[in-house]
Amino acid sequence: MLTNPAALTTMESFAVEGAFHQGIEDVSYNGIVVASPVLKWLSVGAGAETFTAGTIETYDYAGNRYEADLQEDRMGMAGLAVRWGIASFGASAKYYDSILVGSDRGSMTTGDVGVNLRFVFGGDRPAWQGESPDWMILGCSVANLGTAVDYGGVSDPPPLIYRIGLTTVRSLGGEGTNRPRAMVIMAMDVPRSVARPEGRGGVEMHFPFGYLAMEMRAGVRVRHDGAGYTAGAGISLRGIFLDYAYLLPEGPFGGTHHFSVGLNTAGLRRLPAED
């Protein structure tokens, strides 16, 4: 939803996901998102996020110590998406509130728009087999349309970002729907002229074991100043899942840990497929 609101149409039923991300020097950001289809062609979602950039400390001439939060951000968002044939169209609105060094405060409102095209491979399938496990989604979006943060007359506009991405999933041998599969993702961000393009790629291997499933993941992010790598794993029990990822140290920064836990009510009702 944060990358392309058109992705909301992939929801099967009500779902909620919360995440905690911890970096160096007490830098952290956390969030929660809920989403659900309300009609066959309409899905909605909402969420909130927080960001903390750690604290700074200083001393006055008498040796007294003072401490302040370097930056605290809050964001609320809401979005919707509609599906028409193989195409999905989405839009979202976001409201930011930011505080710098405990005193300078600013806010802004932005929006994202996006479109996805979904292609299903494998031909027609009997109704009891469900949708084909082999598919591809091609998407594009424009992020950060709107105003800029104003800290008492000092404006800080967010970068306008054009994104394009491709996701494809293929099953790996076996019969029936309950079989291993691989997901490959590629994306490119092209920000405004003052920023640099950024490419991303990743692969996920999914291994089902009845109600239980495991995922192994690896990814890369390429920018003009080098590349950063990630690796992670996940486990899910029907509709409940837990994921972990580690961003390898990049430049002067240390590695960061990312945890998320989620619930998808469709998974709670779904039985393991029989071969």
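Rundown of residues vs (1) of a type in the set (Gly, Ala, Ser); (2) more than 17 Å from the chain's Cα centre (by Cα), yes/no style:
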residue	(1), (2)
LEU2	no, no
MET11	no, no
GLY18	yes, no
GLN22	no, no
VAL27	no, yes
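Applying a threshold of 7 Å to beta carbon distances and a minimum spacing of six or more residues, or different chains, the list of pairs starting in the stretch 109-136 at a residue that is under 22 Å from GLY165 (Cβ atoms) and ending at one that is modelled with pLDDT under 60 and surrounded by 13 or more Cβ atoms within 10 Å (Cβ to Cβ) reads SER132/ARG125; PRO133/THR177.
Pairs under 6 Å by beta carbon, first residue without any contact (Cβ under 8 Å) to a residue 40 or more places away in the chain in the stretch 1-19, partner of a type in the set (D, E, K, R) and in a loop (DSSP other than H, G, I, E, B), six or more apart or different chains? Listed pairs, sorted by first residue: none to list.
Per-residue answers, yes or no, for (1) at pLDDT 90 or above; (2) more than 21 Å from GLY114 (Cα to Cα); (3) part of a strand (DSSP E or B):
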| site | (1), (2), (3) |
| --- | --- |
| GLY174 | no, yes, no |
| MET183 | yes, yes, yes |
| ASP189 | yes, no, yes |
| GLY199 | yes, no, yes |
| PHE207 | yes, yes, yes |
| GLU215 | yes, yes, yes |
| ALA218 | yes, yes, yes |
| ALA227 | no, yes, yes |
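If the condition is being of a type in the set (Val, Ile, Thr) and in contact with a Gly (Cβ under 6 Å, 6 or more places away or on another chain), then the stretch 1-36 contributes ILE24, VAL27, ILE32, VAL33. Is at least one residue of the stretch 55-72 hydrophobic (A, V, I, L, M, F, W, C), under 26 Å from LEU160 (Cβ atoms), without any contact (Cβ under 8 Å) to a residue 60 or more places away in the chain and not in a loop (DSSP other than H, G, I, E, B)? Within the stretch 55-72 (the criterion being hydrophobic (A, V, I, L, M, F, W, C), under 26 Å from LEU160 (Cβ atoms), without any contact (Cβ under 8 Å) to a residue 60 or more places away in the chain and not in a loop (DSSP other than H, G, I, E, B)), the answer is no, since none of the residues qualifies.
A single member of GLY47, GLY31 is under 19 Å from GLY90 (Cα atoms), crowded, with 18+ Cβ neighbours inside 10 Å and in contact (Cβ under 8 Å) with a residue 12 or more places away in the chain, and it is GLY47. Taken together, ARG105, ARG118 contain a single residue that is surrounded by fewer than 17 Cβ atoms within 10 Å (Cβ to Cβ), basic (Lys, Arg) and either at pLDDT 70 or above or farther than 29 Å from LEU80 by Cα (or both), which is ARG105.
Return yes when GLY76 is in contact with a Leu (Cβ under 8 Å, 6 or more places away or on another chain), of a type outside the set (Asp, Glu), under 18 Å from THR3 (Cα atoms) and at pLDDT 90 or above and no when it is not. Lay out the reasoning, then the answer.
On the way: in contact with a Leu (Cβ under 8 Å, 6 or more places away or on another chain): no; of a type outside the set (Asp, Glu): yes; under 18 Å from THR3 (Cα atoms): yes; at pLDDT 90 or above: yes.
No, not satisfied.
So, in the stretch 88-106, how many residues would count as being in a strand (DSSP E or B) and either farther than 24 Å from PHE14 by Cβ or among the basic types (Lys, Arg) (or both)? Let's see the steps before the verdict.
Going residue by residue through the stretch 88-106, those that are in a strand (DSSP E or B) are 88-100, 104-106.
Filter once more, keeping what is either farther than 24 Å from PHE14 by Cβ or among the basic types (Lys, Arg) (or both): 94, 96-100, 104-106.
Adding up the residues that qualify gives 9.
Determine which single condition VAL38 fails, assuming it passes every other condition in (1) more than 23 Å from PRO157 (Cα to Cα); (2) touching a helix residue (DSSP H, G or I) at 6+ places or on another chain (Cβ under 9 Å). Result: VAL38 fails condition (2) only. Among the residues of the stretch 6-60 satisfying the criterion of being in contact with a Leu (Cβ under 6 Å, 6 or more places away or on another chain) and modelled with pLDDT of 85 or more, which is nearest to GLY255 (Cα to Cα)? Looking at residues that are in contact with a Leu (Cβ under 6 Å, 6 or more places away or on another chain) and modelled with pLDDT of 85 or more, I get VAL16.
The values are calculated or read from the model by the stated rules, or taken from the named source; none is laboratory data. Values in this document were obtained by computation on a predicted structure and should not be read as measured data. Here the Cβ is made from the backbone with ideal geometry for all residues, glycine too, and neighbour counts use every protein chain on show.
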